[in-house]
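One structure is given here, and the rest of the page talks about it.
The values are calculated or read from the model by the stated rules, or taken from the named source; none is laboratory data. These numbers come from a predicted model, not from an experiment. Because the Cβ atoms are built from the backbone with ideal geometry, glycine has one as well, and the counts that use them run over all protein chains shown. The protein model used for the area step is the full one, side chains on, heavy atoms only, and it has no ligands, DNA or RNA in it. Shrake-Rupley method; radii C 1.70, N 1.55, O 1.52, S 1.80 Å.
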Amino acid sequence: RTRRRWPIVTMALIVLLVVIVGGGFFAWQWSQDQYYVGANGQGQVVIYKGVNQHILGVSLSRPYQLTSVQLDQVPTNYQQTVKATDTTSSLSSAKSIVANIADAVSDCRSQYVQLQTWVRQNNAYQAAVTLANKQHKKVPTTLAKPGPQPQKASAMCPPPVAFGIAASDVTLPATGQS
């Protein structure tokens, strides 16, 4: 009787091992068909392939595609998307998320650049008006007014220094405002 148990026990162990290895392989394969958006150690937004998990010290993901988006330039309403590293079902979904984030970063940058340009033009205009008034002359007709002030950057945008623009470049001086 004991001789008959060993083949049954051996066969059961082999079947169990095959199920565990097969299940592990399919789970790993599934994980490698997933993508997510996160940030690397250099603060760059990256599309990762895999899932954001570690098993026995082995990462189940790897960087798939670096982007040109810097994490410190990402508006606050998108920061959580990057930090949450939610898995998407496809590469196109991950690319869509990155495109939305890149558009938001571009909008913030554009708002700061427009404001910086206007502040520079307004400061030059105000200086010319002040100089003309000091010299008791008329303001030159060739001097164009800078136009209406553009909207300030959205409250969701990071500070202008994230885009290489000093805060003083997007604010009017305390005196001499029009």
Requested in this report: Output the number of residues of the range 1-59 satisfying the condition of being open to solvent by 60 Å² or more (accessible area, probe 1.4 Å), part of a helix (DSSP H, G or I) and either in contact (Cβ under 8 Å) with a residue 60 or more places away in the chain or not hydrophobic (A, V, I, L, M, F, W, C) (or both).
Outcome: 7
Query raised in the report: Here is a list of conditions, (1) over 17 Å from the mean Cα position of the chain (by Cα); (2) surrounded by 13 or more Cβ atoms within 10 Å (Cβ to Cβ), and Val74 meets all of them except one; can you say which number that is?
Result: (1)
**Report entry** Residue list for the range 75-87, restricted to those being under 14 Å from Gln53 (Cα atoms) and outside any helix (DSSP H, G or I)
**Finding:** Thr85, Asp86, Thr87
Report task. Keeping to the range 97-123, report how many residues are open to solvent by 60 Å² or more (accessible area, probe 1.4 Å) and more than 30 Å from Pro148 (Cα to Cα). Result -> 0
Report task. Restrict the check to the range 145-157 and report whether at least one residue is of a type outside the set (Ser, Thr, Tyr), more than 30 Å from Thr76 (Cβ to Cβ), over 27 Å from the mean Cα position of the chain (by Cα) and exposed (fewer than 13 other Cβ atoms within 10 Å of the Cβ). Result -> yes
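Out of curiosity, is Thr141 open to solvent by 90 Å² or more (accessible area, probe 1.4 Å), polar (S, T, N, Q) and not in a helix (DSSP H, G or I)? Before you say what the answer is, go through the steps one by one.
Values: open to solvent by 90 Å² or more (accessible area, probe 1.4 Å): yes; polar (S, T, N, Q): yes; not in a helix (DSSP H, G or I): yes.
So Thr141 passes the test.
Can you tell me which residues in the range 77-87 are open to solvent by less than 40 Å² (accessible area, probe 1.4 Å) and either aliphatic (A, V, I, L, M) or touching a residue at least 40 places away in the same chain (Cβ under 8 Å) (or both)? Steps first, answer last, please.
Taking the range 77-87 and keeping what is open to solvent by less than 40 Å² (accessible area, probe 1.4 Å), we get 79, 82, 84-85.
Result: Val82, Ala84, Thr85.
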